[in-house]
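K.L.:
Dumping the structure here so I can ask a few things about it.
The values are calculated or read from the model by the stated rules, or taken from the named source; none is laboratory data. Remember, it's a predicted structure, so these values are computed and weren't measured experimentally. Neighbour counts are summed over all protein chains in view; Cβ atoms, including those assigned to glycine, are modelled from backbone coordinates with ideal geometry. Only protein heavy atoms, including side chains, enter the accessible area calculation; ligands, DNA and RNA are left aside. Shrake-Rupley method; radii C 1.70, N 1.55, O 1.52, S 1.80 Å.
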Amino acid sequence: MSRLARVGLLVLLLVGLAVAIRWSSQRLVPDRASPSGPQKAALFGPCMDRRPQQPDAAPVPGLDPRTLLFSSDCRWLVSGNRNGSIQVIERESGKLLAQAAGHAFQVENMVLGADDKLLFSSSKTQEDVLAWSLPDLKRLATVQTSRRGSSALAYDAKRGVLATGDSSGLYLWKIAPEPGREVRVAEPFFQLKPRGTVHSLAFSPDGKLLAAGLGGAVEIWQYDGTGLVPIARTAQGDLRDWILAVAFTRDAKALVSGTSHKAIAVWQVPSLEPVRQAAADPATWSFYTDPTRFTARPPREYAGPDKGSLVFEIDDATADRVYLAATGHVYQDPIAWRGLVQAAGNGGGISFFDVYANRPGPVLSIPTSRAPQRGLLLNFAVLPERSLLAVKRESDLVVVDLANLKVLHNLQVTRGKAELQWIADGATLAYSDSGEVGFVTVASGQVRKVPRPAWNGQPQMIHHQLGASLDGRGVVAVFGDRLVEIDTDLRVKDVVRMPLMPIERLAPIAPRDAYLVAGPDGAALFRSGAAETRIPSRVSETVQAALSPDAGTLYVKENDKLCRYRLEAPGPCDAFATAANPGKMALDTDGRLLVEGGHRKTVRVLDLASGQDIAQLEGHLGEIVYVRLLGNRVLSADSTGELRLWSLETRELVASTRP
């Protein structure tokens, strides 16, 4: 062959190699150019969004996403919120389709059936798994799981089997919803104990295998709808590196896992031997989002000759869970991804994106209804005689008419949390924070502040708690180690010196001509010129104690008990009922009934004579932070900023607002 021919052949070989490399790189590296409309439609159907940027949708009250999930056709997005509620949102319009109070604590895991008819949810703590119909969010079943922590979930819609896993084991439950009533599934039909806590679960696309992500290991079982037979387990890795996501490939011949350390691994199925790479030992993997599929493959710089064969297409139903693990989003702001549509959430709401659109910004955003300039509802004071409610927000204070929950006045006072106390005539409202005590004239908004006390030249601490004075014409407060009365002319009168103690409740006890001072270290009655009377109660939160109208009985939530203390003859806790809410809880009483609210999001009404429940008022989306009995009505407020007024006669909602 002549020299010229050899040069020509070399050129042809180089050109062919360049074309091959270019084709290979285009196939292996995500192509950010938007595919054509017909190509998109053929590949993704409804899971795409070709619209220009839309105006924001109407705000959705209570929206505070912790985990997000698309339906298989991307028509709906399900938001599991930090307040435990669940909401279904139409992707096209951003319209709220349905919502439910859901769990007491934040929603941690959700899974959909392949036919989008059933949704399962579990929360952060020891609560049962709940089953819901879609898109109307009717509760169909309660699955009584081990209650040892958040449950990992997977669902086999074909056989109606739910798999759950936690620190106690792995369980299979038969789910058979019955029309018109909620089913309680008390016992699993199969269970086993893997070596480690179950953090993630996935059924294979053909329904023949179940995989679990544990602490530092992956395990796989043969599954036929009746039980599990162990097949393989990976070598034990770092127990602290939790396997937060497992997803089968579309052909079920490999399994992809993502860990809390943001590492991706690919395993052969069913052996769970790691997939090898010719040019890397150990193998290294990345998560790619191509215009046509989600894949796991070697990183871009990988130069092995097997690069073209190391492309693993992940099952769409669980692919975004691997993405969350790989990017560290499992414990951060949530993301859901299906086809060309992505939803990203945070405390401000949710935004939808067309993943491959060549423009910045979302297609549509849905804000939460919480106005940041006003903030949440921080504190409350009721004056029933005048039908007035005062609500402290982050930057202001509003006065509300209790008859219809309409705002009457907006007043500017100290920022942040402050205790509130009405003066008896309803014309003046007192407030206190750790820096000042002030009196607000409601009609004009004028604020007059009490000078910060100083004794022996030393400024004194102002406790944030306030109570009404015994004569009703001022307030009682604590300055340093002194209990003082303050009238509306800002005159301060010492009542008694008292030991330094944390204080959560101050109240006048007229029959004893004394003041109740209560906190987590104990409670006592103080009055001028007399020794204190100790009460063996502990008030850890202001709202967890309630006085009867005659000031003769103190009701306190202590651990899981509701305790009663007779102030005329203080004795140990008279436990008359079990508290329905864990942790912080709100209480109030009218001497005949007691109302309770908290994480369970239900207003519980108890008859004090019998200790029995007489009503459960449901509808709040967030934790109930305040309750008050008002004759035959109940006022309640939750952590999403909603006020509700209920009728005890009809058990129905009378009015609601977000002031």
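K.L.:
Full-extension gain between residue 281 and residue 584, please, as 0.36 nm times their residue separation minus the C-alpha to C-alpha distance.
P.N.:
Difference between extended and current length: 103.9 nm.
K.L.:
Still on this model: Just to confirm a number: summing +1 for Lys and Arg and -1 for Asp and Glu over residues other than residue 594 whose beta-carbon lies under 9 angstrom from that of residue 594, what do you get?
P.N.:
Net charge around residue 594: -2.
K.L.:
Please compute the modelled spin-label separation between residue 513 and residue 208, points set 7 Å along Cα→Cβ, answer in nm with one decimal.
P.N.:
8.9 nm
K.L.:
How far apart, in nanometres, would the label points at residue 575 and residue 551 be if each is projected 7 angstrom from Cα along the Cα-to-Cβ direction?
P.N.:
Roughly 3.1 nm, to one decimal.
K.L.:
For region 510-593, what is the convex hull volume of the alpha-carbon atoms per residue, in Å³?
P.N.:
88 Å³
K.L.:
Alpha carbons only, please: Rg and Dmax for region 405-513, in angstrom.
P.N.:
Cα only, region 405-513: 13.9, 47 Å (Rg, Dmax).
K.L.:
So, one more: What list of whole percents do you get for P(r) of the chain, with Cα-Cα distances grouped in 20 Å bins up to the one holding the largest distance?
P.N.:
Spelled out bin by bin, the chain gives 16, 40, 28, 13, 2, 1, 0 percent.
K.L.:
Which of rounded, prolate or oblate describes region 176-272 when judged by the alpha-carbon gyration tensor and an a/c cut-off of 1.5?
P.N.:
Since a/c reaches 1.5 and a/b is larger than b/c, the shape of region 176-272 is classed as prolate.
K.L.:
Whenever you get a sec, compute what percent of the accessible area on region 229-372 sits on carbon and sulfur atoms (1.4 Å probe).
P.N.:
54 percent
K.L.:
Okay, moving on. Taking the Cβ-Cβ separation of residue 460 and residue 117 as r and a Förster radius of 56 Å, what is the calculated FRET efficiency to the nearest 0.05?
P.N.:
0.30
K.L.:
What number, in percent, do you get for the relative contact order of region 231-339 if the mean sequence gap of Cα pairs under 8 Å and at least 6 apart is divided by its residue count?
P.N.:
For region 231-339, the relative contact order is 26 percent.
K.L.:
In the P(r) worked out for region 248-372, what percent of Cα pairs fall beyond 23 Å?
P.N.:
Roughly 39 percent, once rounded to a whole number.
K.L.:
Still on this model: Could you report the chain's accessible area per residue, 1.4 Å probe, as an integer in Å²?
P.N.:
On a per-residue basis, 43 Å².
K.L.:
Please go through the residue pairs 392/417; 406/449; 174/253; 193/253 and name each one whose alpha carbons sit more than 19 Å apart in this structure.
P.N.:
406/449; 174/253; 193/253, as the Cα separations exceed 19 Å there.
K.L.:
Continuing with the same structure: Enumerate the helices in the chain for which the Kyte-Doolittle hydropathy averages 0.0 or more and the C-alpha atoms extend at least 30 Å along the helix's axis, using complete DSSP H runs.
P.N.:
3-28
K.L.:
Ignoring ligands, DNA and RNA, what percent of the accessible area of region 525-650 is carbon or sulfur (1.4 Å)?
P.N.:
Roughly 44 percent of what the probe reaches on region 525-650 is carbon or sulfur.
K.L.:
Does region 94-161 classify as rounded, prolate or oblate by the C-alpha gyration tensor (a ≥ b ≥ c root eigenvalues; a/c under 1.5 gives rounded; else a/b over b/c gives prolate, otherwise oblate)?
P.N.:
Because a/c hits 1.5 or more and a/b fails to exceed b/c, region 94-161 counts as oblate.
K.L.:
Let me ask something else. Whenever you get a sec, compute what percent of the accessible area on region 77-133 sits on carbon and sulfur atoms (1.4 Å probe).
P.N.:
46 percent
K.L.:
Tell me the net charge near residue 267. Cut-off is 12 Å between Cβ atoms, residue 267 excluded, with +1 for each Lys or Arg and -1 for each Asp or Glu.
P.N.:
Residues near residue 267 contribute +1 overall.
K.L.:
So how exposed is residue 625, as accessible area in Å² (1.4 Å probe, rounded to 10)?
P.N.:
30 Å²
K.L.:
Here's another thing I want to ask about it. Given a cut-off of under 8 Å on Cα pairs at least six residues apart, what relative contact order in percent is computed for the chain?
P.N.:
8 percent
K.L.:
Here is a further query. Where does the chain land at 222 nm, in deg cm²/dmol rounded to the nearest 500, when only DSSP H runs of n ≥ 4 count, each adding -39500 (n - 2.57), divided by all residues?
P.N.:
-2500 deg cm²/dmol
K.L.:
Another question about this same structure. What nm distance separates the two modelled labels at residue 446 and residue 58, each placed 7 Å from Cα along Cα→Cβ?
P.N.:
Label at residue 446, label at residue 58, 4.3 nm between them.
K.L.:
Taking N as the number of residues in region 72-195, what is its Cα Rg relative to 2.2 N^0.38 Å?
P.N.:
Relative to the 2.2 N^0.38 Å estimate, region 72-195 comes out at 1.02.
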